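Here's the structure, in structure tokens; my notes come after.
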Amino acid sequence: MGSRWGINRTVGQIYAMLFLAEVPRHAEEISEALSLSRGSVSMGLKELASWKLVQLRHLPGDRRDYYETPRDVWAIFRTLVEERKKREIDPTLTTLRGLMLEPATDPADRFAQERMAAMHEQIELLTDWYAEMQRLDNERLLQLLRLGSRVVKALEFKDRMLGRGKGQGLKEIDDGRD
């Protein structure tokens, strides 16, 4: 599953072990249980810590570092989304802004800037939506997610009430392709 999320197998194995563990684990336990070198475990734990997906714990009377994942699955999900945004979306927006500030000297440049502006606008719209979702408490967010297809049906009903055809959803309207 980790490879589908863009993390290497070792990091995925370490995270799965910690996620499923009832108590915090130290690096030697992880290394032995997963048959991984101590160095691989150390690097994997550093990677997970950089993503804020593991927390360091100390047990009374024990000098070793213990690691655990947050117990709240929503906290894990929110952390993953926030870290992806910081690492992938925010730099993309910065790059697009910089490219759109460069002078367009010919039609091809103007066309490219128009396309980048459209992409920038779309990503900004999604990040604004994301910011709103971050403000919701877990129960409210769960209610929103459970609405699922009912939201689409409500929008389709609204379109019918406004006299728009079935194939004329928000995409075509927002694109100016009425």
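The values are calculated or read from the model by the stated rules, or taken from the named source; none is laboratory data. This one's a predicted model, so the numbers in the text were calculated from it and none came from an experiment. Here Cβ is always computed from backbone atoms with ideal geometry, including for glycine, and neighbour counts include all displayed protein chains. All accessible areas refer to the heavy atoms of the entire protein, side chains included, with ligands and DNA or RNA removed. Shrake-Rupley method; radii C 1.70, N 1.55, O 1.52, S 1.80 Å.
Per-structure values
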| quantity | calculated |
| --- | --- |
| Part-to-part distance (alpha-carbon centres) for region 1-52 and region 63-109, which is given in Å | 22 Å |
| Normalised contact order of the chain, rounded percent, pairs of Cα under 8 Å and 6 or more residues apart | 13 percent |
| Rounded accessible area of L80 (nearest 10 Å², 1.4 Å probe) | 40 Å² |
| In Hz, Karplus ³J(HN,Hα) per residue of region 48-55 (6.51, -1.76, 1.60; θ = phi - 60°; x = Gly, Pro) | 5, 5, 5, 8, 6, 9, 10, 10 |
| Debye intensity ratio I(q)/I(0), log10, the chain, q values 0.10, 0.13, 0.17 Å⁻¹ (C-alpha model) | -0.65, -0.90, -1.12 |
| Degrees between helix 149-161 axis and first principal axis of the chain (Cα, 0 to 90, nearest 10) | 10 degrees |
| Shape call, region 61-118: gyration tensor on alpha carbons, a/c limit 1.5 | prolate |
| Solvent-accessible area, 1.4 Å probe, carbon plus sulfur percent, for region 16-134 | 59 percent |
| Lysine pairs meeting the criterion (Cα under 28 Å, 8 or more apart or interchain), as found in the chain | 10 |
| Local electrostatic count, E68, Cβ distance below 10 Å [Lys/Arg +1, Asp/Glu -1] | +2 |
| Around L53: net Lys/Arg minus Asp/Glu count, Cβ-Cβ under 10 Å | -1 |
| Sum of side-chain charges, H120 neighbourhood, beta-carbon under 13 Å (Lys, Arg +1; Asp, Glu -1) | -3 |
| Estimated 222 nm signal from helices in the chain, with DSSP H stretches of n ≥ 4 weighted -39500 (n - 2.57), rounded to 500 | -20000 deg cm²/dmol |
| Region 50-163, accessible area per residue, ligands and nucleic acids excluded (1.4 Å, Å²) | 74 Å² |
